[in-house]
Structures are given as C-alpha cells and as structure tokens.
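The values are calculated or read from the model by the stated rules, or taken from the named source; none is laboratory data. Model, not experiment: these values are computed from the prediction. Virtual Cβ from ideal backbone geometry, glycine too; neighbours counted across all protein chains shown. Accessible surface areas use protein heavy atoms only, side chains included; no ligands, DNA or RNA. Shrake-Rupley method; radii C 1.70, N 1.55, O 1.52, S 1.80 Å.
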Amino acid sequence: MINLLLLGVVLLAVGGCVCVLWAERGGPRWVRRVATVTLAASDMVHRSQKRRRRSGNRTTSGGD
C-alpha cells in the first residue's frame, strides 16, 4: 500500500516537472496553472528546509 502511495507522489512530481517545461515553451492554459502550482510547492519546500537548517545549527553555549 505504501508503495502505491510513493509511486503516486513520484508520478505527480514528474508530471509537475513536465508541465513546468511545457509551460516554458508556451503550453496551454491548464499546463501553465499546473506549472505555477508545482513551482509554488517547490518554493514552500525549499523555504521549509532553509528554516529547518537554520534552527538545527543553533548551538548552546555551556558555562564551565
């Protein structure tokens, strides 16, 4: 069951990438919408990873 879920996620990601490439070449309106959603999701994931890295790099200063 988990394999089907992962396969679905991979297919959605690949489909989104294809739509981004197609939209750059002037695809139909629905392709541009899918590409916009894909790029927005990518940006959100990227920002989340940046925040996680910043918070993980904090060090506590010990006394003695």
Go through segment 23-64 and report how many residues are within 20 Å of ALA13 (Cβ to Cβ), of a type outside the set (Ser, Thr, Tyr) and modelled with pLDDT of 90 or more. 19
How about segment 14-32: which of its residues are assigned to a loop (DSSP other than H, G, I, E, B) and open to solvent by less than 30 Å² (accessible area, probe 1.4 Å)? GLY27
